[in-house]
Amino acid sequence: MSTTQSERLRGLLEPLVSARDLDLEEVEVTPAGRRRVLRVVVDSDDGVQLDTCAELSRDISKTLDDTDAMGQTAYVLEVTSPGAERPLAEPRHYRRAAGRLMRARLADGGELVARIVSVDDEGLELEVPGVKGRKPTARRLAFEEISKARVEIEFNRTSADKAAGDDDESKEEA
């Protein structure tokens, strides 16, 4: 997809997405046989409901039908929210992942797995799990120190851990 087409699609879709109080995270066009797939990824601080994706998909489809932004080649439209292991690239991504475990590749070449405790304009407060029965430690990490990060899926997190994380989030909102 050319930069011009990408910018044009983003410019065309951004107002539709913003009108629903969502963030346009990604616009991607990929070949799929004789067709193309237009994948539009949206998100918000409160997550994205399936009904919202369906309504937005109808709005986007109508807008694309009324323009020539996708040209004459057939395409399939997918409107979705980020996956469970989404990359963390913007401060809002980290904020939305508060309480979750992340894996980060650091700018100095190291790697870190830690739980996001809180996020501010400059970086993150993290809880680094203890090794071999040791207690977790707190760590501050500036956004500039992170070259790449992604949420880690946890299958064995206990209900008590989740509740403690939820309590922390409700204290921050109060």
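The values are calculated or read from the model by the stated rules, or taken from the named source; none is laboratory data. The shown structure was predicted, so the numbers you read here are calculated from the model rather than taken from an experiment. Cβ sites come from the backbone with ideal geometry, for glycine too, and all protein chains shown count toward neighbours. SASA here: full protein model, heavy atoms, side chains in, ligands and nucleic acids out. Shrake-Rupley method; radii C 1.70, N 1.55, O 1.52, S 1.80 Å.
Things worth noting here:
- Residue that is nearest to the chain's Cα centre (by Cα) [pool: residues in segment 32-43 that are farther than 17 Å from R8 by Cβ and modelled with pLDDT of 90 or more]: D43
- Criterion: surrounded by 13 or more Cβ atoms within 10 Å (Cβ to Cβ) and either modelled with pLDDT under 95 or in contact with a Lys or Arg (Cβ under 6 Å, 6 or more places away or on another chain) (or both) - qualifying residue of L50, L64, L13: L64
- Matching option when the condition is over 30 Å from R58 (Cα atoms), open to solvent by less than 60 Å² (accessible area, probe 1.4 Å) and out of contact with any strand residue (DSSP E or B) (no Cβ under 8 Å at 6 or more places or on another chain), among G110, G99, G83: G110
- S147 being open to solvent by less than 40 Å² (accessible area, probe 1.4 Å) and among the polar types (S, T, N, Q): no
- V42 out of contact with any Phe, Trp or Tyr (no Cβ under 8 Å at 6 or more places or on another chain), touching a residue at least 24 places away in the same chain (Cβ under 8 Å) and open to solvent by less than 40 Å² (accessible area, probe 1.4 Å): yes
- Within segment 50-81, the set of residues being in a loop (DSSP other than H, G, I, E, B) and either more than 19 Å from P15 (Cα to Cα) or over 16 Å from the mean Cα position of the chain (by Cα) (or both) comprises T67, D68, A69, M70, G71, Q72, T73, A74.
- Search result, residues across segment 116-125 that are without any contact (Cβ under 8 Å) to a residue 24 or more places away in the chain and either more than 16 Å from the chain's Cα centre (by Cα) or open to solvent by 60 Å² or more (accessible area, probe 1.4 Å) (or both): D120, E122, G123, E125
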